[in-house]
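One structure below.
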Amino acid sequence: MGFGQILAKRVGYGLVLLIAVVVLNFTLITIAPGDVADAIAGDMGGADASVLVEIRQRYGLDQPFMSQLWRYLSSVAVMDLGYSYFYNTSVTELILQRLPATLLLIFSSQILAISVGVLLGVMAARKPNSLVNLCVTFLSLFGFAAPVFWTGILLIILFVSVHPVFPVGGMMNAALIDASFFEQSINIAYHLVLPMVTLASIYLALYSRLTRASMQEVLGSDYIRTARAKGLRENKVFYKHALKNSLGPLVTVAGLQFSAVMSGAVVVEAVFNWPGLGTLALQAILARDTPTIMGILFFSSLVVIVVNIFTDLVLRMIDPRIRAE
Amino acid sequence: MKLAFKSLFAATAVAALMATSATADEPKTGGTLTMAIQQTPRHLNPAVQSGTATGVPGTQLFASLLRYDEGWEPQPYLAESWDVSADGLSVTVNLVKDAVFHDGVPITSEDVAFSIDTVKANHPFKSMFAPVTEVATPDAHTAVIKLSKPHPALLLAMSSQLLAIIPKHVYGDGQDPKTHPANSENVVGSGPFKLVEFKKGEHVILERNENYFMDGLPYLDRIVMRIMPDDSTRAIALESGELQMSGFESSPRNIVRLKKNADLKVSNAGYAAIGPVNWLAFNTKAEKLSDPMVRKAIAYAVDREFINKALNMGTAPTALTGIHPGSPFYDETVEAYDVDLAKANQLLDAAGYNKGSDGMRFGLSIDYGWPAMKPYAEYMKPQLKKIGIDVTVRSSADFPTWAKRISTWDFDMTMDNVFNWGDPVIGVHRTYSSDNIKEGVIWSNTQQYSNDRVDAIMEEAGATNDPAKRTALYAELQQILADELPLYPIFASPYHTVSSISAVGNASDSIWGTSTPLDRVYLK
């Protein structure tokens with residue numbers, strides 16, 4: 001199959017998946033008892049009956065389910081994610097406001113997890129009976145076993161409460177809104193440390209184990225023996241031949257894990273008050289703000305699908321065997 | 001202005017007196033106060049949105065006609081004086097002469113009339129201005145509010161977040177005020193602070209209004225309100241000094257913890273007008289609970305003292321009635337139903353519900369709507385088992401689920417927390433009025449309780465300005481309700497204002513909590 005064909009097929013599957021996600025989620029949210037009018041009344045400390053009727057009319061909540069669904073699908077079809085009932089702004093705008101924070105958190109934590117994870121994995125594979133290997137085993141056990149929110153809270157207790165090194169939460173010291181871009185960036189980086197480390201902790205464990213396992217496998221293969229036999233230096237054998245060939249599984253897993261990273265980010269954002277999509281999603285769900293929840297789900301499915309397609313492409317790039325198939 | 005000066009002087013004097021325990025600081029101008037708010041406001045305009053999420057930043061941006069001191073006495077604000085006519089059918093308000101909005105446009109009686117109309121048409125609490133028939137504007141600084149009947153709630157409804165004076169030249173452009181863009185961006189009010197930035201989910205940043213109509217105020221240059229929904233995160237931030245102040249703190253565990261910190265003032269002064277009362281509500285139309293004897297038996301079985309000591313860790317005031325204990329109308333002489341299991345058992349026997357072979361008489365369910373209410377609901381299970389009631393605790397996934405169940409009367413009992421919102425007319429009548437049994441409306445009369453005498457008392461108390469008469473009527477109301485028990489009041493939410501002693505002076509102790517102009521707060 002040619003490259004174009006594969007891409008077309010992937011995009012086709014992706015679209016079907018997207019529609020399924022939209023219909024399923026819309027149905028689930030609508031059949032849950034209560035609606036945004038109840039949430040708004042809750043937020044306002046009660047409301048007169050006429051106010052609630054007006055809210056329901058305004059947002060078409062009094063319409064039959066099928067017509068609500070149809071209306072939503074047709075607006076999504078033209079890339080209009082609708083209007084947030086709760087925040088009175090367009091959903092696209094709400095998402096775009098929050099997106100940078102989430103992307104920053106996800107990508108920085110993934111870069112940290114992959115780089116440190118691979119490094120630890122390689123070190124462990126190199127000396128299977130060393131202390132490093134023991135550390136990796138312990139770390140991965142811990143990383144897998146500890147829920148993210150717990151790691152987050154633990155870090156807060158340690159580095160905010162007991163030894164105040166880092167700020168409690170948030171993304172930037174609000175007093176710096178007039179400061180220079182450089183100063184703001186430094187402050188954001190300072191706020192980023194704990195949430196980034198927290199979110200990275202699980203994946204660090206995952207990636208280091210994965211690298212170690214796949215390195216050990218590769219190191220046992222014939223071409224490595226050949227490489228050594230022809231007198232290559234050990235470092236070259238390691239990094240040029242072994243590492244490159246053991247990265248395949250890592251890329252696959254990193255791509256597949258992307259959806260898990262996004263849901264992990266929801267929890268980490270809540271713990272660290274990080275103003276991203278996750279906190280928005282949480283608030284929107286609690287407020288039964290259907291357009292916002294749907295918008296976030298739509299958007300995150302889109303991102304996950306795109307990342308998966310991208311992963312396929314990267315795999316083709318680094319592994320000639322897939323290209324040859 | 002004379003009156004305003006006088007009240008300013010009085011307030012400063014009171015504050016100075018209260019500060020004697022620390023150091024007698026003089027208020028200083030300048031500085032940035034960092035405080036917390038707990039939820040993202042939908043927007044910042046209290047004229048069309050109730051609730052304290054909007055109220056705390058909203059009262060900094062928008063001034064109202066009156067403000068209230070700690071003793072429930074109205075004080076001049078945008079209104080330099082006011083006069084209620086002898087028949088109670090008109091209230092004349094004289095505006096401060098030199099007040100301007102944030103954009104420099106003078107505030108006139110037209111704006112007052114426009115604001116009252118907008119609030120009347122759009123605010124969720126219809127009872128606040130329902131009797132207003134017309135707002136006349138004989139001159140630029142005089143507004144005359146005409147009423148169809150005397151309306152005792154009017155003055156409180158003219159204060160704090162309940163009546164934001166909004167500019168007609170901004171909101172009168174024909175757009176729906178509920179979704180007006182100026183509710184969140186480029187907000188134009190006349191309060192002590194102007195909007196710098198409102199970032200949803202992150203913060204509201206305010207800066208000093210240099211043209212504020214109260215001379216010499218506000219003291220602060222800036223207020224940063226960080227949106228921090230998590231109780232423990234706020235507690236840590238208060239301890240580490242990242243936050244200098246936080247209002248509406250209500251987690252008993254955190255309050256006790258923060259009280260141990262020598263630099264934190266943890267005060268429960270104020271909040272009486274917000275008036276949050278927590279109770280165990282009964283669905284009086286449910287089979288077993290329609291019998292007042294059963295409701296009384298449950299009241300005798302529940303140990304209010306235990307709840308307040310163990311679950312609230314002594315942080316919350318006891319509430320014997322649905323009117324907040326800090327309200328001038330609170331009647332503490334009602335039947336308290338001190339725990340008496342023998343009596344509770346007797347009542348149930350008399351009601352004809354005998355214990356079965358397993359020691360149980362019948363089953364009831366109890367709901368709760370949000371996590372903070374869970375311990376109280378769970379407490380009921382073992383406690384009511386002692387009198388042979390098999391309680392099932394039913395949780396709801398989120399607030400709307402609970403609200404739907406309760407407001408469609410699909411419940412036996414529920415833990416609930418309802419706010420008084422100033423005058424009983426606004427926040428208390430709605431719970432008991434038989435006109436307000438409305439399907440699908442949370443915090444209406446979801447108990448489905450109906451009593452003609454109760455309706456008559458509320459109508460009379462809502463149409464007289466005579467405080468003595470109102471006190472007597474509300475006392476009678478509370479006695480009847482304590483006897484018929486459509487709900488069993490337990491405690492008032494332990495709202496506390498936490499502030500740094502070394503950094504913050506005049507931390508608010510208003511009856512509206514921190515949902516009040518913070519123009520006298522200063523940094524030491």
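Within the group A:Ala189, A:Ala125, which residue is outside any loop (DSSP other than H, G, I, E, B), touching a helix residue (DSSP H, G or I) at 6+ places or on another chain (Cβ under 6 Å) and more than 14 Å from chain B (Cβ to nearest Cβ)? Let's see the steps before the verdict.
Details: A:Ala189 fails: touching a helix residue (DSSP H, G or I) at 6+ places or on another chain (Cβ under 6 Å).
Just a single option satisfies the conditions, and that option is A:Ala125.
The one condition from (1) outside any helix (DSSP H, G or I); (2) without any contact (Cβ under 8 Å) to a residue 60 or more places away in the chain; (3) closer than 17 Å to B:Lys199 by Cβ that A:Gly170 does not meet is (2).
Of everything listed in (1) in contact (Cβ under 8 Å) with a residue 40 or more places away in the chain; (2) away from every other protein chain (no Cβ under 13 Å); (3) of a type in the set (S, T, N, Q), the single unmet condition for A:Ser84 is (2). Among the residues of the range A:268-288, is any farther than 28 Å from A:Thr198 by Cα and not hydrophobic (A, V, I, L, M, F, W, C)? Yes - at least one qualifying residue is present in the range A:268-288. Which of the residues that make up the range B:429-444 are surrounded by 17 or more Cβ atoms within 10 Å (Cβ to Cβ) and away from chain A (no Cβ under 11 Å)? B:His429, B:Tyr432, B:Ser433 - these are the residues of the range B:429-444 that are surrounded by 17 or more Cβ atoms within 10 Å (Cβ to Cβ) and away from chain A (no Cβ under 11 Å). Selection of the range B:450-490 for residues being touching a strand residue (DSSP E or B) at 6+ places or on another chain (Cβ under 8 Å), assigned to a loop (DSSP other than H, G, I, E, B) and buried (at least 21 other Cβ atoms within 10 Å of the Cβ) yields B:Leu485, B:Pro486.
Scanning the range B:287-299 for residues that are modelled with pLDDT of 95 or more and not in a helix (DSSP H, G or I) turns up just one, B:Asp291. Is it the case that the range A:122-139 has a residue that's crowded, with 21+ Cβ neighbours inside 10 Å, under 30 Å from A:Glu234 (Cα atoms) and not aliphatic (A, V, I, L, M)? Scanning the range A:122-139 turns up no residue that is crowded, with 21+ Cβ neighbours inside 10 Å, under 30 Å from A:Glu234 (Cα atoms) and not aliphatic (A, V, I, L, M).
So that you can scan it fast, the table gives a plain yes or no per residue for (1) touching a strand residue (DSSP E or B) at 6+ places or on another chain (Cβ under 9 Å); (2) more than 30 Å from B:Leu220 (Cα to Cα):
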| residue | (1), (2) |
| --- | --- |
| B:Val135 | yes, yes |
| B:Ala143 | yes, yes |
| B:Lys149 | no, yes |
| B:Ala153 | no, yes |
| B:Leu156 | yes, no |
| B:Ala164 | no, no |
| B:Lys168 | no, no |
| B:Asp173 | no, yes |
| B:Ser190 | yes, no |
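With respect to (1) more than 10 Å from chain B (Cβ to nearest Cβ); (2) surrounded by fewer than 21 Cβ atoms within 10 Å (Cβ to Cβ), the lone exception for A:Thr89 is condition (1). Every condition in (1) away from chain B (no Cβ under 14 Å); (2) farther than 27 Å from A:Asp35 by Cβ; (3) not basic (Lys, Arg) holds for A:Val76 except the one numbered (2). One residue stands out among those in the range A:32-47 that are within 15 Å of B:Thr408 (Cα to Cα) and of a type in the set (Asp, Glu): the one that is farthest from the chain's Cα centre (by Cα), which is A:Asp38. Restricting to the range B:348-357, and then to whatever is among the aliphatic types (A, V, I, L, M) and assigned to a helix (DSSP H, G or I), can you tell me which residue is farthest from B:Phe306 (Cα to Cα)? Looking at the filtered set, the residue picked out is B:Ala350. Among strands (runs of 3 or more DSSP E) entirely within the range B:120-199, having at least 2 residues that are closer than 30 Å to B:Met458 by Cβ and without any contact (Cβ under 8 Å) to a residue 24 or more places away in the chain singles out B:132-139.
Might you check whether a residue that is among the hydrophobic types (A, V, I, L, M, F, W, C), farther than 30 Å from A:Leu94 by Cβ and within 14 Å of another protein chain (Cβ to nearest Cβ) occurs anywhere in the range B:130-149? Within the range B:130-149 (the criterion being among the hydrophobic types (A, V, I, L, M, F, W, C), farther than 30 Å from A:Leu94 by Cβ and within 14 Å of another protein chain (Cβ to nearest Cβ)), the answer is yes, since at least one residue qualifies. Among all positions in the range A:49-63, there is no residue which is more than 14 Å from chain B (Cβ to nearest Cβ) and among the charged types (D, E, K, R).
With the structure loaded, tell me whether B:Ile426 is buried (at least 23 other Cβ atoms within 10 Å of the Cβ) and more than 14 Å from every other protein chain (Cβ to nearest Cβ) or whether it fails that test.
On the way: buried (at least 23 other Cβ atoms within 10 Å of the Cβ): yes; more than 14 Å from every other protein chain (Cβ to nearest Cβ): no.
No; evaluated as a whole, the condition is false for this residue.
Quick check, is B:Val112 in contact with a strand residue (DSSP E or B) (Cβ under 6 Å, 6 or more places away or on another chain), within 21 Å of B:Thr516 (Cα to Cα) and in a helix (DSSP H, G or I)? It is true that B:Val112 is in contact with a strand residue (DSSP E or B) (Cβ under 6 Å, 6 or more places away or on another chain), within 21 Å of B:Thr516 (Cα to Cα) and in a helix (DSSP H, G or I). In the range A:140-174, the residue that is farthest from the other protein chains (Cβ to nearest Cβ) out of those that are surrounded by 19 or more Cβ atoms within 10 Å (Cβ to Cβ) and small (Gly, Ala, Ser) is A:Ser140.
Within the range B:356-367, the residues that satisfy the criterion of being out of contact with any helix residue (DSSP H, G or I) (no Cβ under 7 Å at 6 or more places or on another chain) and surrounded by 14 or more Cβ atoms within 10 Å (Cβ to Cβ) are B:Met360, B:Ser365.
Residue-wise test of (1) among the β-branched types (Val, Ile, Thr); (2) farther than 29 Å from B:Val266 by Cβ; (3) out of contact with any helix residue (DSSP H, G or I) (no Cβ under 7 Å at 6 or more places or on another chain); (4) within 11 Å of chain A (Cβ to nearest Cβ).
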residue: B:Met158; (1), (2), (3), (4): no, yes, yes, no
residue: B:Ile165; (1), (2), (3), (4): yes, yes, no, no
residue: B:Ser184; (1), (2), (3), (4): no, yes, yes, yes
residue: B:Ser190; (1), (2), (3), (4): no, yes, yes, no
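So, B:Ala316, is that one in contact (Cβ under 8 Å) with a residue 60 or more places away in the chain, more than 26 Å from the chain's Cα centre (by Cα) and crowded, with 17+ Cβ neighbours inside 10 Å or not? No.
Conditions (1) within 14 Å of chain B (Cβ to nearest Cβ); (2) of a type in the set (A, V, I, L, M, F, W, C); (3) touching a residue at least 40 places away in the same chain (Cβ under 8 Å); (4) surrounded by fewer than 20 Cβ atoms within 10 Å (Cβ to Cβ), marked per residue:
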{"position": "A:Asn235", "(1), (2), (3), (4)": "no, no, no, yes"}
{"position": "A:Lys240", "(1), (2), (3), (4)": "no, no, no, yes"}
{"position": "A:Asn245", "(1), (2), (3), (4)": "no, no, no, yes"}
{"position": "A:Pro249", "(1), (2), (3), (4)": "no, no, no, yes"}
{"position": "A:Ser259", "(1), (2), (3), (4)": "no, no, yes, yes"}
{"position": "A:Gly276", "(1), (2), (3), (4)": "yes, no, yes, no"}
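Among the residues of the range A:194-213, is any surrounded by 13 or more Cβ atoms within 10 Å (Cβ to Cβ), over 21 Å from A:Phe107 (Cα atoms) and either β-branched (Val, Ile, Thr) or at pLDDT 80 or above (or both)? Yes, the range A:194-213 contains at least one residue that is surrounded by 13 or more Cβ atoms within 10 Å (Cβ to Cβ), over 21 Å from A:Phe107 (Cα atoms) and either β-branched (Val, Ile, Thr) or at pLDDT 80 or above (or both). Only one of the numbered conditions (1) at pLDDT 85 or above; (2) assigned to a helix (DSSP H, G or I); (3) more than 14 Å from chain B (Cβ to nearest Cβ) is not met by A:Leu99, and that is (3). The condition (being free of Cβ contacts under 8 Å to residues at least 24 places away in the same chain and surrounded by fewer than 18 Cβ atoms within 10 Å (Cβ to Cβ)) is satisfied by just one residue among B:Glu305, B:Glu287: B:Glu287.
Quick one: in the range B:36-54, of everything that is of a type in the set (Gly, Ala, Ser) and part of a loop (DSSP other than H, G, I, E, B), which residue is surrounded by the fewest Cβ atoms within 10 Å (Cβ to Cβ)? Looking at residues that are of a type in the set (Gly, Ala, Ser) and part of a loop (DSSP other than H, G, I, E, B), I get B:Gly51.
The values are calculated or read from the model by the stated rules, or taken from the named source; none is laboratory data. Everything numeric in this text was worked out from a predicted model, so none of it was measured. Cβ coordinates were reconstructed from backbone atoms using ideal geometry, including for glycine residues, and neighbour counts include every protein chain displayed.
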